[in-house]
Amino acid sequence: MTLNELPIDPKGIDKKSEDAVIIREVLEMRKETEALFAEEKYTEALRRTVDALRRIREASDFTHKEFRALLVVLLFDLSEIHFMLKDYKQSEKELDVLFKVLGNLIKEDSERFGKYHLLAMDLSTRILRSRRKTLELLAKQQINTGMLYDKVNSGVAAATDKLVESLRKAAEMMASTGDYHTAVKFYAEAIKIAKKRAGKVTRREVKMTVEMAAVMMRSKSESARARRLLNAILPHAIALEALELEQEILAMIDSIDSNVAHDSAWKNFLDKVQRSARSAMRKIKKDESAEEKEIEADAEKGADEMEKAEI
């Protein structure tokens, strides 16, 4: 399950109150759910999570921040459990509610809830079956994500790294299925988030850019763009003294140039063959036309001779 460290801080709730008892009971239920999930007993895990949700409803103030934080935990669990039960539509609905609850919590305390928003984005890369939906969601959540990068030293860093790696894996999977266009989009998202998180271009961003260029090279129409990308990232590889990456980039540029030269030579050869074929066709048509005229002339001459003979 996604959440190991829970965003719960019950200090603001009286330990002797019924609300405190509810929180303790729900957290205990959650431990049981986690154990059931690990044993792949997803139906039982679902029942336990639903029981926990029902218990939360008995709180005196369900809108209290701690109960909303507890709801976040249960929504993470529900989305993953329904996904494992192959109830994908319900899983996606819970993911949508999760983002809405987290959106409000981030506005109240981005320091505390920021990393959970990034973990929810990471979860979306695994839950959403439609890659188009995933990209749309990532674009939509960039507004909330952008405000979190200045808090990378407060627990957001690990969550960001996890999200970047998930996007990278999604890109690799798309490339392996031949969907190069979508793969490039996922690489672009991963690179953008990683760069914002680091505040500069690091070895990881250079490596992912090289991987993205390699995917682009599989499409002839994207080769020129891939070359521009490699030329742009080469100075960064040199500055980082990443010799292996530098050599890989140069080899890829050389490969693109070689393919362009080969394509140009092949195109010239085809043009020459087509010109020769057209010339031969014109000669054939000219010969056929001359032959037809000769036949017509012979026919006319024969007709004249027959007419004179009759006279």
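The values are calculated or read from the model by the stated rules, or taken from the named source; none is laboratory data. Remember, it's a predicted structure, so these values are computed and weren't measured experimentally. Ideal geometry is used to build each Cβ from the backbone, glycine not excepted, and the neighbour counts take in all protein chains shown. SASA here: full protein model, heavy atoms, side chains in, ligands and nucleic acids out. Shrake-Rupley method; radii C 1.70, N 1.55, O 1.52, S 1.80 Å.
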- request: List, in order, the whole-Hz ³J(HN,Hα) value for each residue of region 62-69 obtained from phi through the Karplus relation with A = 6.51, B = -1.76, C = 1.60 and θ = phi - 60°; use x for Gly and Pro.
  value: 5, 7, 4, 3, 5, 6, 5, 5
field: Accessible surface ranking that places the most exposed of Asp19, Asp96 first, with a 1.4 angstrom probe
entry: Asp96, Asp19
query: Once a ≥ b ≥ c are taken as the square roots of the eigenvalues of the Cα gyration tensor of region 1-142, is the result rounded (a/c under 1.5), prolate (a/b larger than b/c) or oblate (a/b not larger than b/c)?
result: oblate
- prompt: Short version: ³J(HN,Hα) in whole Hz for each residue of region 195-212, in order, from phi by Karplus 6.51 cos²θ - 1.76 cosθ + 1.60 (θ = phi - 60°), x for Gly and Pro, what are they?
  reply: 5, 5, 5, 7, x, 6, 8, 10, 4, 5, 5, 5, 4, 5, 5, 4, 5, 5
- request: Can you bin region 184-246 into rounded, prolate or oblate? Criterion: square roots of the alpha carbon gyration tensor eigenvalues sorted a ≥ b ≥ c, rounded for a/c under 1.5, prolate for a/b above b/c, oblate for the rest.
  value: oblate
field: Across Lys65/Lys192; Lys65/Lys133; Lys162/Lys196; Lys16/Lys115; Lys65/Lys115; Lys169/Lys196, pairs whose alpha-carbon gap is larger than 25 Å
entry: Lys65/Lys192; Lys65/Lys133; Lys16/Lys115
- request: Mind computing the radius of gyration and Dmax over the alpha-carbon atoms of region 43-103? Å is fine for both.
  value: 11.6, 35
- request: Largest first and to the nearest Å, give the Cα extent of region 66-133 along each principal axis.
  value: 33, 24, 14
- prompt: Assigning unit charges at the beta carbon (Lys, Arg +1; Asp, Glu -1) and nothing else, what dipole magnitude in debye, to the nearest 20, does region 1-137 show about its Cα centre?
  reply: 440 debye
query: In terms of the Cα gyration tensor, with a ≥ b ≥ c the square roots of its eigenvalues, is region 152-198 rounded because a/c is under 1.5, prolate because a/b exceeds b/c, or oblate?
result: prolate
- request: Report, in debye and to the nearest 20, how large the dipole of region 164-260 comes out about its Cα centre when Lys and Arg carry +1 and Asp and Glu carry -1 on their Cβ.
  value: 480 debye
